[in-house]
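The block underneath contains the structure these notes are about, expressed in structure tokens.
The values are calculated or read from the model by the stated rules, or taken from the named source; none is laboratory data. The structure displayed is predicted, hence computed values, not measured ones. Cβ atoms come from the backbone with ideal geometry, glycine included; neighbour counts cover every protein chain shown.
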Amino acid sequence: MYKKLIRSLNDNELQDIDENFRVYVTTSWTQRLIRKLVYHFSKIVFSCFYRIRVFGRDKLPTNEPFFLCSNHLSHLDHAVLIVATGISSDQFIAMAAKDYFFHNPWLCHLMSMFIGIIPVERCPNSGSLSKNLRYLEKCKQLNKNIIFYPEGTRSSDGNLGRFRSGIGLFATRLQLKVVPAYIKGTFDYLPKGRFIPRPGTLSVAFGDALTVNETISDKKEMDDHRHRRKFVDLLRKNVIELERKHP
């Protein structure tokens with residue numbers, strides 16, 4: 001299925017990708033400085049309003065970029081995950097839904113003050129996966145870690161939803177490790193539909209990094225959707241296990 005949707009991009013599409021990447025990711029040295037300042041300010045704010053318990057931080061890869069994949073409960077999740085890692089937000093890129101964030105330029109610029117963002121099209125169509133892969137390849141070249149929510153949207157009831165297969169394709173093509181993570185508490189303090197957060201206690205748990213080689217044994221299987229789906233199911237199983245261990 002996915003193989004049929006991946007195609008070569010034309011010059012205009014490549015130019016648009018490069019321009020979006022320049023504006024929302026690399027930007028100028030002043031913007032990168034602002035991100036560092038905003039990151040440290042966020043840590044101070046979170047320490048005042050939230051108590052964050054962190055488990056498994058030592059499991060994060062240190063000398064290579066990786067996907068950070070967690071459940072998605074709230075608009076607080078980006079900041080909570082980054083603060084929990086102890087890594088500057090300047091080292092992360094967030095995959096943001098194109099149909100939600102990129103229709104509002106002001107929202108994009110506001111979010112990019114904290115973290116680099118790239119648009120992701122949530123519904124696979126002709127060219128969309130090719131564009132997503134192009135963005136991700138550029139992130140890898142810059143040695144950036146990528147925040148990805150496999151559910152594709154925030155939970156409406158606080159429960160973990162089905163994981164979409166995209167992360168299986170992206171991890172296979174980029175050959176990056178995937179770190180499972182579980183967030184608890186953000187749904188209680190800023191759920192979908194609420195705009196003013198409440199203070200409280202949050203927790204984030206990180207699991208052992210996974211590689212596609214754990215479910216895909218040879219290159220022929222990499223193009224097989226069923227084998228990539230096995231990896232996605234394994235990732236979801238690991239997130240559920242984190243939830244069980246850190247209720």
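Under the condition of being touching a residue at least 60 places away in the same chain (Cβ under 8 Å) and either closer than 13 Å to V232 by Cα or buried (at least 16 other Cβ atoms within 10 Å of the Cβ) (or both), the residues counted in region 119-129 number 5.
So for region 22-43 (the condition being modelled with pLDDT of 85 or more, basic (K, R) and in a helix (DSSP H, G or I)), does at least one residue qualify? Looking through region 22-43, none of the residues is modelled with pLDDT of 85 or more, basic (K, R) and in a helix (DSSP H, G or I). Just the residues that are in contact with a Phe, Trp or Tyr (Cβ under 9 Å, 6 or more places away or on another chain) and modelled with pLDDT under 70, please, taken from region 215-247. Correct list: T215, I216, D223.
Here the helices (runs of 4 or more DSSP H) wholly within region 66-157 that include at least 2 residues being modelled with pLDDT under 90 are 98-101, 105-112, 128-141.
The residue pairs whose first member lies in region 138-160 and is at positive phi, whose second member is surrounded by fewer than 22 Cβ atoms within 10 Å (Cβ to Cβ) and aliphatic (A, V, I, L, M), and whose beta carbons are closer than 8 Å, counting only pairs six or more residues apart or on different chains, are G152/A97. Cβ separations smaller than 7 Å between residues 6+ apart or across chains give the following pairs from region 10-22 residues that are closer than 20 Å to I93 by Cβ to residues that are part of a helix (DSSP H, G or I): E13/K131; I17/K131; I17/R134; I17/Y135; F21/Y135; F21/K138.
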